[in-house]
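The values are calculated or read from the model by the stated rules, or taken from the named source; none is laboratory data. In this text, all values refer to a predicted model and were calculated from it rather than measured experimentally. Neighbour counts run over all protein chains shown; Cβ positions are idealised from the backbone, glycine included. Please note that ligands, DNA and RNA were not included when accessible areas were found on the heavy atoms of the full protein model with its side chains. Shrake-Rupley method; radii C 1.70, N 1.55, O 1.52, S 1.80 Å.
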Amino acid sequence: MNKSITQATQNDKQISKSIKRFFARFHVSSALKASNAYKKKVGPVMEIFQYLFLLIFSNRSMYMNLIIGRNTPDFAKDTVYRFMKMIQINWIRFTTILSARIIKDAILPLDSEERAKVLIIEDSMFERNRSKKFELLAKVYDHAKHKYLFGFRMLTLGWSDGNTFLPVNSILLSTGNRKNRINEATEVDKRTVGYKRRKLSMEKGTHAMLTLLDIAKKAAIPAKYVLFDSWFSSPSTLHAVKNMGYDVIGMVKKTPKMFFHYNGKDMSLTSIYNKNKKRRGRSRYLLSVMVDVVKDGETIPAKVVYVRNRNKRKEYLCLISTDVNLDENEIIRIYGKRWDIEVFFKVCKSYLNLSRECNSLSYDAITAHTAVVFTRYMMLSLESRECNDNRSLGELFLYFSDEMSDITWIQAFQMLLQMFRTMLTDNTELSDEQITELVDAFMSTLPVMLRTQLQAV
């Protein structure tokens, strides 16, 4: 009994040291200050943020900590609530600044310049089914469960080098359709950040995506490609992202309503497929063609790759790349990195208490909660990376260790095959069984002290 208590105490101390080291190494306090998180009436901002960050490791809510008198802060609970509801804090800027520092200071020194760095766009359900009075609450269709739910679409921009994934920023999307909005936004000063994020939450997902990308670009986050699935792959989006200086690798719907210029004609992807001879043998892809993506008189060249489904010969999916110099195998391999964001969503919801920890009815508070969860994931992802990469231990290993392996082509292809099964059942979300396997693998790479604490939640 005493031995187990001693071990738990040692683990708590180690976790505390790891967190303090993370906060000091990447100057979290200055990132908060740069995001308009000043002291003012709410008290010591850094102490409040660190307290919220540590709640996941105490395995108790702030309310329970106050009742039992353990891990109680030096400030009142109302101080925490006021901090989370502050409309002047720019949480999108905060997570962007912090992720940029981690990438530049901790990850890029371990990567070669040739490795493809990517930005990934995806959304996930943020359920609030029991909060009918929640600000900007909307009725959102969940394509995984095939029914409408109350909540938001958490549109997230992430960064990956094929080994490490970091969330960059996000916005909780409500809806621009007044009929599907259960509650309206609280009236706030139009000059504040709080008003701007409420306005952004009612924009279309494609418009909000470009806003998040623009913020990441201004923060100089290094990436050559932007990856997303078929929900964002329209000609207008391809043009917009290309004009921002990124190349796109995305999945495209096989819809008869979307056309690409091929051999002098506007044709759908299915028509192009039917007019061409397919590759024989055991090739990983069936067909590769060059097309032009035309929008408002502008034309950009692109390569479309039709990927084979080995389980069902009549099924295929389409990938499009605006970098026409990439060969087909490389397009498939790079697109496989998009899987990282699905694992991220699963970890945040299952282990880091995303949406369950904060019961406030304020849109600002739930945005602050999301930023805290993102920061937790950044620390865990970095811990996982540095526990597996020996070169982080010192310069000696830099000369004797190879670069950590990028995602392999066969791994990317296996991911695409798994995505086939979800498409065949008309799901836009991966099944729980498939995602759980990768999440467990991710968790197993974490230090024992962190993994033990998270699995106990």
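Numbers below:
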{"item": "Any hit, region 189-202, residues being touching a strand residue (DSSP E or B) at 6+ places or on another chain (Cβ under 9 Å), among the aliphatic types (A, V, I, L, M), part of a helix (DSSP H, G or I) and open to solvent by 30 Å² or more (accessible area, probe 1.4 Å)", "result": "no"}
{"item": "Segments classed as strands (runs of 3 or more DSSP E), wholly inside region 218-335, with at least 2 members that are of a type in the set (A, V, I, L, M)", "result": "225-228, 247-252, 285-295, 298-308, 316-321"}
{"item": "Which numbered condition GLY297 misses (of (1) touching a residue at least 40 places away in the same chain (Cβ under 8 Å); (2) at positive phi)", "result": "(1)"}
{"item": "All positions within region 324-379 that are among the β-branched types (Val, Ile, Thr), farther than 26 Å from GLU135 by Cβ and open to solvent by less than 10 Å² (accessible area, probe 1.4 Å)", "result": "ILE331, ILE332, ILE334, ILE341, VAL347"}
{"item": "Residues of region 149-162 satisfying the condition of being open to solvent by 10 Å² or more (accessible area, probe 1.4 Å) and farther than 12 Å from ILE341 by Cα", "result": "LEU149, PHE150, ARG153"}
{"item": "Residues being of a type in the set (D, E, K, R), in contact with a helix residue (DSSP H, G or I) (Cβ under 9 Å, 6 or more places away or on another chain) and open to solvent by 10 Å² or more (accessible area, probe 1.4 Å) - total across region 106-127", "result": "2"}
{"item": "From SER288, SER321, residue being surrounded by fewer than 20 Cβ atoms within 10 Å (Cβ to Cβ) and touching a helix residue (DSSP H, G or I) at 6+ places or on another chain (Cβ under 9 Å)", "result": "SER288"}
{"item": "SER29 vs. criteria closer than 30 Å to GLU386 by Cβ, in contact with a helix residue (DSSP H, G or I) (Cβ under 8 Å, 6 or more places away or on another chain) and at pLDDT below 85", "result": "no"}
{"item": "Extreme residue, surrounded by the fewest Cβ atoms within 10 Å (Cβ to Cβ), among residues of region 163-188 that are small (Gly, Ala, Ser) and in a loop (DSSP other than H, G, I, E, B)", "result": "GLY176"}
{"item": "Matching residues in region 211-231 - criterion: being surrounded by fewer than 21 Cβ atoms within 10 Å (Cβ to Cβ), modelled with pLDDT of 95 or more and not polar (S, T, N, Q)", "result": "ASP214, ILE215, LYS217, LYS218, ALA219, ALA220, PRO222, LYS224"}
{"item": "Check on ARG282, modelled with pLDDT under 90 and not small (Gly, Ala, Ser)", "result": "yes"}
{"item": "Single residue of TYR51, TYR81, TYR63 found to be more than 27 Å from the chain's Cα centre (by Cα), modelled with pLDDT under 90 and either crowded, with 18+ Cβ neighbours inside 10 Å or hydroxyl-bearing (Ser, Thr, Tyr) (or both)", "result": "TYR63"}
{"item": "Failed item in (1) open to solvent by 50 Å² or more (accessible area, probe 1.4 Å); (2) within 23 Å of the chain's Cα centre (by Cα); (3) on the phi < 0 side of the Ramachandran plot; (4) not small (Gly, Ala, Ser), with HIS146 passing the rest", "result": "(3)"}
{"item": "Contacts under 9 angstrom Cβ, first residue in region 211-233 being over 25 Å from ILE332 (Cα atoms), partner in a loop (DSSP other than H, G, I, E, B) and open to solvent by 10 Å² or more (accessible area, probe 1.4 Å), 6 or more apart", "result": "THR211/GLU203; ASP214/MET244"}
